Amino acid sequence: MQVPNWVPIIFYAVIIMLFIGIYSRYRIENDTEQKPFSNMVFLTAAVLVNDFISRLYIVDGFPHWLVVITTHLNFGLLALVGFAWYRLVRSVLSPEERTSARSLDFLIYAFVGIALLVVITNPFTGLVFTFDSAGDYHRGPSFFVPAGATYLCIIISEVFVSLRVRSLGRDVFAALLMFPVPPLLGGIVAMFSYGIPWMPLGVSFSMVILFTTLHTTSLGRDFLTGLSNRRRFDELFEERISWAKNGRPLIALLVDLDDFKVINDTLGHNIGDIALAETARILRASVRADDVVARIGGDEFMILLDKADEEIAQEVINRIKEEVSAYNAQNTRFELQLSVGYALYDEKRFATPEEYLNHVDELMYANKQQRKAARRLAAVG
């Protein structure tokens, strides 16, 4: 019998998924993102393989019992894909955002659990599907449950993504937000082109795009905060300096988290990570879309304000203060206190970019000393 023309496509898609999964398992440094991503990739490969086997019913003599098993697996894997996607999206959130999302975890677990229970018990209940004596397939009254659980996971995940464009960055945000599009388009095409697994192939296509995006951005991203790391900052700083030399104003702000060691030593490193992540969120929320925010050291952050003047810099600092005050008013575990130094870049004043950054660092340190002196006076008073 002639091999269907879609078989090589499935074969190559599975190979690509396995390669991406193995690569991500050993090369993604952030364990929080590594496992959910590689799990999603391997699950996609399993969906492709199972879908491929389930379509071999067209081969003469293909065992009917294997058709039944793979059909059950198709429904079970469908629910697990939605769950894996939710876990992947959850992994790219900040520690504080993941904590706030725990209440939704139980909802997701419940719906996915119900979907899997319905599929597992289907041989006895026929709620999802049945095969008649002639071997023909028929949908059951609960056919929609596994797909419903998947769509619920996807919808909640996309809501998370849409509300966090600033913290995720534009590239990662776009890749996560557009992830469901190829599978949905594949499902639509499948209605008019029966026999080719368009939906699983759509998931594979989305995973390739997401892998490329995450791998590219991870090279220049701080895993804890989601901001640019020191390596990426150096590249962007060099670029912005060249712009400034051509007449495009640049202001750099150095922000330091005061008493970070005290938070770590008294409350633990997990709370310290939350403090850093919340500081990053506050800084990102206080600047414009084209400004650069980077974590350049343990508790030090750098902001590059593009096309900025003294007034814009002051507006940003005021927004940072407002965000910090709002956070401290709601948080009882610890208090965020930030010291800031900033200066306008002037090629005539600073012989080198390094001298400029050193000057900003001195201003930040002076601000820190002033704040400490003010707190001591307040304590005495």
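The values are calculated or read from the model by the stated rules, or taken from the named source; none is laboratory data. Note that the structure is a prediction, hence the values are computed from the model and not measured. Cβ placement follows ideal geometry from the backbone for every residue including glycine, while neighbour counts extend to all protein chains displayed.
Observations on the model:
- In the set 308, 378, only one residue is surrounded by fewer than 15 Cβ atoms within 10 Å (Cβ to Cβ) and at pLDDT below 90; that residue is 378.
- Residue check for residue 289: over 30 Å from residue 268 (Cβ atoms) and surrounded by 14 or more Cβ atoms within 10 Å (Cβ to Cβ): no
- For beta carbons closer than 7 Å, sequence separation of 6+ or different chains, a first residue in the stretch 353-376 that is assigned by TED's automatic domain parsing to the domain that holds residue 260 and a second that is of a type in the set (Phe, Trp, Tyr) and part of a helix (DSSP H, G or I), the qualifying pairs are 353/237.
- Those residues of the stretch 363-373 which are exposed (fewer than 13 other Cβ atoms within 10 Å of the Cβ) and either within 26 Å of residue 346 (Cα to Cα) or within 35 Å of the chain's Cα centre (by Cα) (or both), in sequence order: 366, 369, 370
- Checking each residue in the stretch 56-112 for being modelled with pLDDT under 80, charged (D, E, K, R) and surrounded by fewer than 16 Cβ atoms within 10 Å (Cβ to Cβ) picks out 60, 102.
- Qualifying residue in the stretch 329-347 (condition: exposed (fewer than 12 other Cβ atoms within 10 Å of the Cβ), assigned to a helix (DSSP H, G or I), at pLDDT 90 or above and not hydrophobic (A, V, I, L, M, F, W, C)): no
- Annotation note: of 274, 241, the sole residue that is farther than 23 Å from residue 362 by Cα and in contact (Cβ under 8 Å) with a residue 40 or more places away in the chain is 274.
- Residue 358 farther than 20 Å from residue 284 by Cα, among the polar types (S, T, N, Q) and at pLDDT 90 or above: yes
- For the stretch 257-284, the set of residues classified as of a type in the set (Asp, Glu) and buried (at least 22 other Cβ atoms within 10 Å of the Cβ) consists of 278 only.
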